[in-house]
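The values are calculated or read from the model by the stated rules, or taken from the named source; none is laboratory data. Every value quoted in this text rests on a predicted model; they were computed, and no experiment measured them. Cβ sites come from the backbone with ideal geometry, for glycine too, and all protein chains shown count toward neighbours. Note: accessible area is taken over every heavy atom of the protein model, side chains too, but ligands, DNA and RNA are not part of it. Shrake-Rupley method; radii C 1.70, N 1.55, O 1.52, S 1.80 Å.
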Amino acid sequence: MSGASPIVRTRKSVLTLGQPGDDLDWYARAVADLRQRPIADPTSWRYQGAVHGYPGTQNDPFATPGEALPSRSDQERFWNQCQHQTWYFLPWHRGYLACFEEIIAAAVVRLGGPQGWALPYWNYSAADASARSLPAAFLNQTNTDGSANALWVDGRNLTGVEDAIPVSDVSLEALLHSPFTGSALGGDPGFGGPQTSFSHFGGVNGRLENLPHNVIHVDVGGLMSDPDTAALDPIFWLHHANIDRLWEVWLHRNSSFVDPTSAAWLTGVTFDLHDAAGGVVTFTPSDMRDTTKVRHGYGYDDISDPVGGNRMLAAHMETVAAMTATPPQHPQLVGTSDTMVSLARAATSVKVAFNQPARQAAIARLAAARPVRAFLNLENITGTGQYGNYEVYINVPNAATVEPLFAGHLSTFGVRKASRSDSPHGGSGITTVLEITPQIDQLHRERNWDGAHLDVRFVPVQGTSSDPSAMPGRATVRRQADVAGPASSTEGPNIGRISVYYS
């Protein structure tokens with residue numbers, strides 16, 4: 001997938017941009033240019049958005065009567081192609097970004113800008129608390145001269161500099177974990193996701209895909225909260241550039257962290273996109289391993305280890321990593337909920353009962369691989385609406401006076417699409433796996449947990465922190481369950497089963 005340009009571009013943090021003539025300024029001008037192109041043009045804004053997902057003409061927020069769409073065969077080949085809940089999530093989006101970057105760069109030159117334009121990235125996990133607010137260039141409907149701001153879209157949750165994504169939502173814990181490829185049944189979901197074939201929503205989220213990728217989509221809200229419209233928001237591309245950058249960070253922070261080497265990943269699936277001239281670009285994941293050889297070639301201005309630069313964060317995260325460093329063995333089911341769980345606006349608690357013979361057998365079988373690793377599986381999450389994020393907590397039963405332990409995030413990004421009966425997975429939804437090894441250990445040590453039952457609590461999150469300078473922790477999050485007034489009867493998503501696996 002090499003391009004003809006000899007220029008290796010440098011993608012820069014949006015936190016360093018925002019001046020006339022820089023990459024962010026030219027991005028806004030090029031976005032406005034692409035929006036003027038008809039949807040049937042492969043280099044247009046809406047066509048590129050539809051490559052990720054298209055809601056159909058009835059739900060297309062920018063559809064106009066009588067407009068000509070691409071042919072049915074082109075739509076089937078090039079639209080609705082994004083890879084999710086799969087080990088192709090990272091390589092497919094890398095190719096997608098590179099082709100989009102090439103299209104924007106060509107528009108920049110056509111508009112009188114410089115050669116070598118590169119897509120900025122949004123590092124919302126940076127130490128500066130202001131990084132968790134939407135970049136200022138995306139916040140105003142108009143520019144200082146009164147013209148329309150191409151980077152603004154209506155309906156986002158983040159509408160001002162005072163709105164900040166919660167600290168827990170930008171966690172980089174995924175960077176501590178290997179291997180790349182995860183389990184599709186019960187165990188470690190992997191940094192990059194489980195082995196699959198072509199997967200356009202449905203299945204198990206990889207660690208990086210769940211957090212921060214999915215959670216950020218929902219935090220931003222509006223177009224970003226739905227995969228069929230997400231790429232129509234200009235911040236989408238900066239968000240995904242950062243996810244792509246974190247893949248590079250992961251590879252460089254530990255020499256044992258490597259991409260898959262199997263032929264199934266390297267060349268098992270071929271993907272098709274378009275270049276700046278509208279020509280077809282074909283690539284496989286094997287073409288995505290070296291960013292300097294992807295199309296025009298690019299690199300990032302910073303792929304340093306963000307964990308090592310923060311001693312307190314590093315100490316905490318490395319402790320967690322040490323507890324989970326044992327390579328997972330074949331996962332064994334040890335506990336499940338009784339029925340399907342329906343979530344709503346109010347916090348929801350569910351009791352998970354453990355099969356004691358199975359639990360004891362798993363512990364005995366895994367005794368040589370201490371500590372035993374535990375995984376909380378939120379299986380087959382389905383729904384027909386647009387939902388927010390949930391924080392997940394675990395505790396010993398009947399422990400109302402003891403704070404539950406934070407287990408992780410449940411994001412509903414893509415749930416509606418994965419619940420459709422005509423989806424590739426038949427509407428089976430999405431599964432999120434949270435490693436709870438440290439939490440289970442803490443329950444045993446501090447709360448005399450007998451291993452018979454586990455309370456799992458889901459707390460819906462409403463909006464964002466109103467204090468960008470707040471210290472890390474749960475207190476920066478406004479939860480729907482904490483909002484004054486009666487709980488809404490609005491239904492939330494359904495979880496087919498909550499299960500616990502030991503591995």
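When Asn254, Asn242 are checked against the criterion of being open to solvent by 20 Å² or more (accessible area, probe 1.4 Å), in contact (Cβ under 8 Å) with a residue 12 or more places away in the chain and under 23 Å from His213 (Cα atoms), a single residue qualifies: Asn254. Looking across Val341, Val402, Val396, one residue alone is over 23 Å from Asp219 (Cα atoms), open to solvent by less than 30 Å² (accessible area, probe 1.4 Å), among the β-branched types (Val, Ile, Thr) and over 25 Å from the mean Cα position of the chain (by Cα). It is Val396. Among all residues of region 443-459, there is at least one that is farther than 30 Å from Ala361 by Cα and crowded, with 18+ Cβ neighbours inside 10 Å. Only residues that are without any contact (Cβ under 8 Å) to a residue 24 or more places away in the chain and touching a Gly at 6+ places or on another chain (Cβ under 8 Å) were counted across region 134-156, and they come to 1.
Residue by residue, here is whether (1) under 21 Å from Val433 (Cβ atoms); (2) surrounded by 24 or more Cβ atoms within 10 Å (Cβ to Cβ); (3) not small (Gly, Ala, Ser) holds:
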position: Val204; (1), (2), (3): yes, yes, yes
position: Glu209; (1), (2), (3): yes, yes, yes
position: His213; (1), (2), (3): yes, yes, yes
position: Asp219; (1), (2), (3): yes, yes, yes
position: Leu223; (1), (2), (3): no, no, yes
position: Asp226; (1), (2), (3): no, no, yes
position: Asp233; (1), (2), (3): no, yes, yes
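Restricting Thr412, Thr432, Thr382 to those that are open to solvent by 20 Å² or more (accessible area, probe 1.4 Å) and either of a type in the set (Val, Ile, Thr) or more than 18 Å from Asn210 (Cβ to Cβ) (or both) reduces the list to Thr382.
Scanning region 140-160 for residues that are part of a loop (DSSP other than H, G, I, E, B) and among the small types (Gly, Ala, Ser) turns up Gly146, Ser147, Ala150, Gly155, Gly160. Here region 124-139 is the region considered, the condition is being at pLDDT 95 or above and assigned to a loop (DSSP other than H, G, I, E, B), and the residue that is surrounded by the most Cβ atoms within 10 Å (Cβ to Cβ) is Leu134.
Restricting Ser197, Ser255 to those that are outside any helix (DSSP H, G or I), at pLDDT 95 or above and of a type outside the set (A, V, I, L, M, F, W, C) reduces the list to Ser197.
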